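Notes follow the structure.
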Amino acid sequence: MDWGMQHRLANIIPRETGRTVMLAVDHGYFLGPTGGLEEPQKTVTPLLPHADSLMLTRGVLRQCIDPRSRVSIVLRVSGGTSILTELSNEEITVSIEDAIRLNVSAMALSIFVGSENERRTLANLAKLVDMGEQYGIPVLAVTAVGKDMQRDARYLSLCCRIAAELGARIVKTYFCEGFEEVVGGCPVPIVIAGGKKIEERAALQLAHDAVSGGALGVDMGRNIFQSDNPVGMIRAVRQVVHEHKTPDEAFRFLTGLRGAAA
């Protein structure tokens with residue numbers, strides 16, 4: 001692995017802990033003004049000091065993120081569909097030249113294994129890896145799950161292994177029963193998606209179970225920015241991921257912040 005690739009991965013994964021807390025705010029590329037992200041700059045700015053990296057689109061990056069920020073960028077480079085159509089019908093939507101101009105630490109793309117457009121999205125991943133390897137930019141593959149897919153260990157193991165085989169340096173997937181099987185069959189690091197908003201104690205438990213099961217960390221979005229205390233929530237997630245706090249300890253920290261603000 002060349003120096004540029006290693007350096008970009010180190011920007012995403014702090015060497016002090018070898019784990020990462022990624023903040024996903026790319027939902028608008030297919031959902032439009034998602035709840036909590038109607039004004040991305042207002043939502044994201046106070047969270048920047050607490051995120052190891054941001055996953056977002058180039059439009060939001062250019063218009064809403066202070067270029068003086070030191071947070072690393074994982075750039076969403078696939079899209080072309082909306083929630084109103086077949087989501088798996090994606091293309092690569094950003095050139096490698098623009099990713100380089102934006103000085104990104106990684107490029108992110110979704111694959112839809114088992115969907116009607118499986119081949120297209122896997123071919124997109126292969127093409128993106130070719131481009132990224134040429135310039136030392138790692139690719140993060142997102143194992144998108146269609147409405148007909150089961151989020152079980154067998155299916156997610158298939159998705160993650162295929163992504164790694166095609167050259168992804170990191171894979172983003174879902175936590176499931178038997179998660180150790182997914183990790184064991186994937187030769188590259190895995191980060192866990194937060195998914196839809198759930199109760200905060202449960203989200204902290206999810207983060208804990210994921211890293212305990214071998215995940216590199218989390219890539220959470222709605223469970224942070226849709227919290228009534230987003231800054232407190234991302235700080236609590238960091239305690240679980242980076243400081244090895246229990247979910248109960250992190251939740252007490254979060255509720256303590258609420259009490260202090262009351």
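Mind checking which residues of the stretch 145-186 are more than 27 Å from Gln6 (Cβ to Cβ), touching a strand residue (DSSP E or B) at 6+ places or on another chain (Cβ under 7 Å) and touching a residue at least 40 places away in the same chain (Cβ under 8 Å)? The answer is Phe175, and nothing else. Here the stretch 87-115 is the region considered, the condition is being in contact with an Asp or Glu (Cβ under 7 Å, 6 or more places away or on another chain) and over 19 Å from Val25 (Cα atoms), and the residue that is surrounded by the most Cβ atoms within 10 Å (Cβ to Cβ) is Phe112.
Pairing each residue of the stretch 187-199 that is more than 17 Å from Leu140 (Cα to Cα) and without any contact (Cβ under 8 Å) to a residue 40 or more places away in the chain with any residue that is among the charged types (D, E, K, R) and surrounded by 16 or more Cβ atoms within 10 Å (Cβ to Cβ), provided the two are 6+ apart or on different chains, yields C-beta distances under 7 Å for Lys196/Arg222; Lys197/Arg222.
Could we say that Asp228 is modelled with pLDDT under 95, over 17 Å from Pro49 (Cα atoms) and out of contact with any helix residue (DSSP H, G or I) (no Cβ under 7 Å at 6 or more places or on another chain) here? So Asp228 passes the test. Taken residue by residue, the stretch 9-28 has no member that is outside any loop (DSSP other than H, G, I, E, B) and among the basic types (Lys, Arg).
Show the residue pairs meeting these rules: Cβ distance below 9 Å; 6+ apart or different chains; first residue within the stretch 117-141 and touching a residue at least 24 places away in the same chain (Cβ under 8 Å); second residue in a strand (DSSP E or B) and charged (D, E, K, R). Close Cβ pairs satisfying both conditions: Arg120/Glu91; Asn124/Glu91; Leu140/Lys172; Leu140/Asp219; Ala141/Lys172. Listed conditions (1) among the hydrophobic types (A, V, I, L, M, F, W, C); (2) surrounded by 18 or more Cβ atoms within 10 Å (Cβ to Cβ); (3) touching a helix residue (DSSP H, G or I) at 6+ places or on another chain (Cβ under 6 Å) are all met by Ile83, apart from (2).
The set of residues in the stretch 134-149 being touching a helix residue (DSSP H, G or I) at 6+ places or on another chain (Cβ under 8 Å) and either modelled with pLDDT of 95 or more or among the acidic types (Asp, Glu) (or both) consists of Gln134, Tyr135, Gly136, Ile137, Pro138, Val139, Ala141, Thr143. When the stretch 65-74 is filtered for residues that are in contact (Cβ under 8 Å) with a residue 24 or more places away in the chain and within 20 Å of Glu38 (Cα to Cα), only Ile65 remains. Cβ-Cβ contacts under 6 Å between residues 6 or more apart (or on different chains), taken from a first residue in the stretch 39-64 that is closer than 13 Å to Leu23 by Cα to a second residue that is surrounded by fewer than 18 Cβ atoms within 10 Å (Cβ to Cβ) and among the aliphatic types (A, V, I, L, M), are listed as Pro46/Val231. Of everything listed in (1) more than 24 Å from His7 (Cα to Cα); (2) not in a helix (DSSP H, G or I), the single unmet condition for Ala123 is (2).
The values are calculated or read from the model by the stated rules, or taken from the named source; none is laboratory data. Treat the numbers as computed from the prediction; the structure is a model and nothing was measured. Glycine gets a Cβ as well: all are built from the backbone with ideal geometry, and neighbour counts include every protein chain shown.
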